[in-house]
Amino acid sequence: MEDKELNEYTERLAALRKNGVNLISTLRQENAAAKRNKLLSVEEREKIISENDKKIAEAKEVAAKNKAEIAEIVKAAVARNNELSKPEIAKVAAEQNAIIAKLKEEYAANVAKINEDTLNRKKEIVASYAGKTSQKDNEDCKEDLRVAEYEHNSALFDAKNKFVSAVDAAKAVKNQAFVDFVQKNRALRNGQTNFKEDIVLSVQNYINKFKMSKFLLDNGLYLAILVFFIVCIILAPLSGNGNLLSLPNIFTILEQSSVRMFYALGVAGLILLAGTDLSVGRMVAMGAVITGLILHPGQNIVTVFGLGPWDFTGSAMFIRLVMALFLSIFLCVAFSAFAGVFSAKLKIHPFISTLATQLIIYGLLFFGTSGTPVGSIDADVKDMIGGRWIIGMLNGELITFPKLIIPAIIAIAVAWFIWNKTTFGKNMYAVGGNAEAASVSGISVFWVTMGVFIMAGIFYGCGAFLEAFKANASAGTGQGYELDAIAACVVGGISFNGGIGKIGGAVIGVIIFTSLTYCLTFLGIDTNLQFVFKGLIIIAAVALDSVKYLKRK
């Protein structure tokens, strides 16, 4: 689309920016290149950068001088581009919509013809074998009919693929018209984006690429869970249990999710590597028992391997907190790394190595403590870390904010940063997607795997430390937590096939599972029946993940 007025605006902007903002960008790129160029001596590098800095200072003066004029021209140029592009976009959309409508008619006619031809062919086959009664003739007739049916299905498949490809091409042309318009405006603004244009472009891209089958495959489980929650919200007041969506209930769900978030964040990395971790629950018990022993007010009745009883009240509370957190993390990392060595070095599946670790910890804990609970921790420190802040009154109800939500948010932020902003995170995806290809590309599969196990141990240790602030810890604490953590990750879209998933998925999965349990309990559903709901969700999530994996293959 050529326009004399728009071309004039473009030329004027190029001239005004040439010795200003464009020159600044070019000189800064030259400075960056000079800093990376190892062939340059220190003196040469400093000379280039010094000369460029002087030119940049001059270019900034030019840019400041032309800023107002550029802004005025950009405004006029964008308005002109909008004026020209809108009818052009509408014209392209109308043309492509007509093409799509024609394609639909042709496809329907093609399908009808294929069906008719196949029906006629089957009639001819049956007629050709009429009167023939031998076993061989019957088998030949059935075989010819099977071939005809196979060719019929193949023809339908080819026709549908051809139709879908043609429709996608027409949609792409429509989308490209709007993309060209947006890119032109961005070029006029010298690369600056516009929020409204970006939103419209994103929506348009989604609409053009939208396919109901893919949408249901990707989101069907979440839609079903959403319907379940809506039903629970409606039934709660009708059954006399009150408002499920009240602020105290929401805070309680988030509080229950907060500690379990650590376990999901830890196991998520192992699932990303196409593994799993069955030792989570025992690690929780181990860290919680250690924390309970150290933070117990006064002498504890529990002995460990015959040693004790223990009394740490002689030490300052800060030292006891640091000691409890450090030992919880240290022991969890030690046992997690122990399992990791066997998986990383000997290629033993994490299912086996973590199962063995689980049994070892379980045996040591019960033998060492005789299964005796360590008792409650100091009330002051329990309130300081695991208590609630009073927010105020709402509709005659006291609103309090759970403190455990804060460390959970910090853990999510740390995990997100590691997964998305570090080389280690990128290597996790590479190893999980294809370990052999990652190894060939220079990534140490051993150390990446060990790193994931160690990272998991750190998350488990932190979560186990906080677990002690919720209930009296014992060797049986955390029973079944590994299954909830694994299920949360799978529901959140972290694939068992490896290399696919996001931290946000694990977070959503934990909240979904916690909310599910809370809703069922809130409605008075028997605890045993709750396992049925969990089981159905897990099998549905894994089944959908398998279908998506097979489609990708």
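The values are calculated or read from the model by the stated rules, or taken from the named source; none is laboratory data. Keep in mind the model is a prediction, meaning the values are calculated, not measured. A quick note on method: Cβ atoms are made from the backbone with ideal geometry, for glycine too, and the neighbour counts reach across all protein chains shown. SASA here: full protein model, heavy atoms, side chains in, ligands and nucleic acids out. Shrake-Rupley method; radii C 1.70, N 1.55, O 1.52, S 1.80 Å.
Which of the residues belonging to the stretch 455-498 are over 27 Å from Lys382 (Cα atoms), among the small types (Gly, Ala, Ser) and open to solvent by less than 20 Å² (accessible area, probe 1.4 Å)?
Correct list: Ala487, Ala488, Gly492, Ser495, Gly498.
Quick test for you: out of Ser328, Ser336, Ser343, Ser353, pick the one residue that is small (Gly, Ala, Ser), surrounded by 17 or more Cβ atoms within 10 Å (Cβ to Cβ), without any contact (Cβ under 8 Å) to a residue 40 or more places away in the chain and in a helix (DSSP H, G or I).
Being small (Gly, Ala, Ser), surrounded by 17 or more Cβ atoms within 10 Å (Cβ to Cβ), without any contact (Cβ under 8 Å) to a residue 40 or more places away in the chain and in a helix (DSSP H, G or I) holds for just one of Ser328, Ser336, Ser343, Ser353, which is Ser353.
Looking for something buried (at least 17 other Cβ atoms within 10 Å of the Cβ), hydrophobic (A, V, I, L, M, F, W, C) and assigned to a loop (DSSP other than H, G, I, E, B) - is there at least one such residue anywhere in the stretch 499-515?
Checked against the condition, which is being buried (at least 17 other Cβ atoms within 10 Å of the Cβ), hydrophobic (A, V, I, L, M, F, W, C) and assigned to a loop (DSSP other than H, G, I, E, B), the stretch 499-515 yields at least one hit.
All but one of (1) aliphatic (A, V, I, L, M); (2) outside any helix (DSSP H, G or I); (3) open to solvent by 30 Å² or more (accessible area, probe 1.4 Å); (4) in contact (Cβ under 8 Å) with a residue 12 or more places away in the chain hold for Ile525, so report the exception by its number.
Ile525 satisfies every listed condition except (4).
For the subset of the stretch 199-238 comprising residues that are polar (S, T, N, Q) and under 17 Å from Asn175 (Cβ atoms), which member is surrounded by the most Cβ atoms within 10 Å (Cβ to Cβ)?
Within the stretch 199-238, the match that is surrounded by the most Cβ atoms within 10 Å (Cβ to Cβ) is Gln204.
Out of the residues in the stretch 58-105 that are in contact with a Gly (Cβ under 9 Å, 6 or more places away or on another chain) and surrounded by fewer than 17 Cβ atoms within 10 Å (Cβ to Cβ), state the one that is nearest to Gln176 (Cα to Cα). Reasoning before the result, please.
Looking only at the stretch 58-105, we keep the residues that are in contact with a Gly (Cβ under 9 Å, 6 or more places away or on another chain), and these are 59-67, 70.
Filter again for surrounded by fewer than 17 Cβ atoms within 10 Å (Cβ to Cβ), leaving 60-61, 64-65, 67.
Numbers: Lys60: 36, Glu61: 38, Ala64: 35, Lys65: 36, Lys67: 31 Å.
The extreme case among them is Lys67.
On the basis of being small (Gly, Ala, Ser) and crowded, with 20+ Cβ neighbours inside 10 Å, does Ala435 make the cut?
no
Which residue, of Glu61, Glu30, Glu43, is among the acidic types (Asp, Glu) and farther than 28 Å from Ala187 by Cα?
Glu43
Write out, first by first residue and then by second, each pair whose Cβ atoms fall under 6 Å of each other, whose residues are 6+ apart or on separate chains, and whose first residue, in the stretch 234-262, is in contact (Cβ under 8 Å) with a residue 24 or more places away in the chain and in a helix (DSSP H, G or I) while the second is of a type in the set (Ser, Thr, Tyr) and surrounded by 17 or more Cβ atoms within 10 Å (Cβ to Cβ).
Pairs found: Ile253/Thr514; Ile253/Ser515; Ile253/Tyr518; Gln256/Thr514; Ser257/Thr514.
So that you can scan it fast, the table gives a plain yes or no per residue for (1) of a type in the set (Phe, Trp, Tyr); (2) within 14 Å of Tyr222 (Cβ to Cβ):
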site	(1), (2)
Gly499	no, no
Ile503	no, no
Ile511	no, yes
Thr514	no, no
Thr517	no, no
Leu520	no, no
Leu523	no, no
Phe531	yes, no
Ala543	no, no
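In the stretch 29-45, which residues are outside any helix (DSSP H, G or I) and among the aliphatic types (A, V, I, L, M)? Lay out the reasoning, then the answer.
Narrowing the stretch 29-45 to residues outside any helix (DSSP H, G or I): 37-41.
If the condition is that a residue be outside any helix (DSSP H, G or I) and among the aliphatic types (A, V, I, L, M), then Leu39, Leu40 are the ones that fit.
Could you please give the count of residues in the stretch 162-180 that are within 16 Å of Ile100 (Cβ to Cβ), in contact with a Ser or Thr (Cβ under 9 Å, 6 or more places away or on another chain) and either open to solvent by 40 Å² or more (accessible area, probe 1.4 Å) or of a type in the set (Lys, Arg) (or both)?
As a first pass, look at the stretch 162-180 and keep what is within 16 Å of Ile100 (Cβ to Cβ): 162-177.
Subsequent filtering for residues that are in contact with a Ser or Thr (Cβ under 9 Å, 6 or more places away or on another chain) retains 177.
Imposing the further condition that a residue be either open to solvent by 40 Å² or more (accessible area, probe 1.4 Å) or of a type in the set (Lys, Arg) (or both) reduces the set to none.
So the answer is 0.
Within 30 Å of Ile348 (Cβ to Cβ) and either modelled with pLDDT of 95 or more or open to solvent by 10 Å² or more (accessible area, probe 1.4 Å) (or both): which single residue out of Leu321, Leu273 fits that description?
Leu273
Suppose we filter Trp416, Trp389 for residues that are of a type outside the set (S, T, N, Q), over 21 Å from the mean Cα position of the chain (by Cα) and open to solvent by 90 Å² or more (accessible area, probe 1.4 Å); which single one remains?
Only one candidate qualifies: Trp389.
Scan the stretch 127-161 residue by residue and report those that are touching a residue at least 40 places away in the same chain (Cβ under 8 Å) and open to solvent by 40 Å² or more (accessible area, probe 1.4 Å). Spell out the reasoning first.
So in the stretch 127-161, the residues touching a residue at least 40 places away in the same chain (Cβ under 8 Å) come out as 155-156, 159-160.
Across the stretch 127-161, the qualifying residues are Leu156, Lys160.
Can you find a residue in the stretch 113-120 that is assigned to a helix (DSSP H, G or I), among the aliphatic types (A, V, I, L, M) and over 30 Å from Asn22 (Cβ atoms)?
Checked against the condition, which is being assigned to a helix (DSSP H, G or I), among the aliphatic types (A, V, I, L, M) and over 30 Å from Asn22 (Cβ atoms), the stretch 113-120 yields at least one hit.
Select from the stretch 357-386 the residues that are of a type outside the set (Phe, Trp, Tyr) and open to solvent by 90 Å² or more (accessible area, probe 1.4 Å) and list them in ascending order.
Of all residues in the stretch 357-386, those of a type outside the set (Phe, Trp, Tyr) come to 357-361, 363-365, 368-386.
Leu359, Ser370, Asp380, Met384, listed by residue number.
Look through the stretch 436-466, keep the residues that are of a type in the set (S, T, N, Q) and either under 30 Å from Pro402 (Cβ atoms) or part of a helix (DSSP H, G or I) (or both), and return whichever of them is modelled with the highest pLDDT.
Thr449
So which residues in the stretch 13-28 are in contact with a helix residue (DSSP H, G or I) (Cβ under 6 Å, 6 or more places away or on another chain) and in a helix (DSSP H, G or I), if there are any at all?
Leu13, Leu16, Val21, Leu23, Ile24, Leu27
Could you list, in sequence order, all residues of the stretch 168-212 that are of a type in the set (Lys, Arg), in a loop (DSSP other than H, G, I, E, B) and closer than 25 Å to Ala68 by Cβ? Give the derivation first.
Initially, the stretch 168-212 is screened for residues of a type in the set (Lys, Arg), giving 171, 174, 184, 186, 189, 196, 209, 211.
From what's left, in a loop (DSSP other than H, G, I, E, B): 189, 211.
Answer for the stretch 168-212, where residues must be of a type in the set (Lys, Arg), in a loop (DSSP other than H, G, I, E, B) and closer than 25 Å to Ala68 by Cβ: just Arg189.
Can you tell me which residues in the stretch 1-12 are in a helix (DSSP H, G or I) and either open to solvent by 90 Å² or more (accessible area, probe 1.4 Å) or charged (D, E, K, R) (or both)?
Scanning the stretch 1-12 gives Lys4, Glu5, Glu8, Glu11, Arg12.
Before we move on, is Ser444 surrounded by fewer than 20 Cβ atoms within 10 Å (Cβ to Cβ) and either without any contact (Cβ under 8 Å) to a residue 24 or more places away in the chain or in contact with a Gly (Cβ under 9 Å, 6 or more places away or on another chain) (or both)?
Yes: the conditions hold for Ser444.
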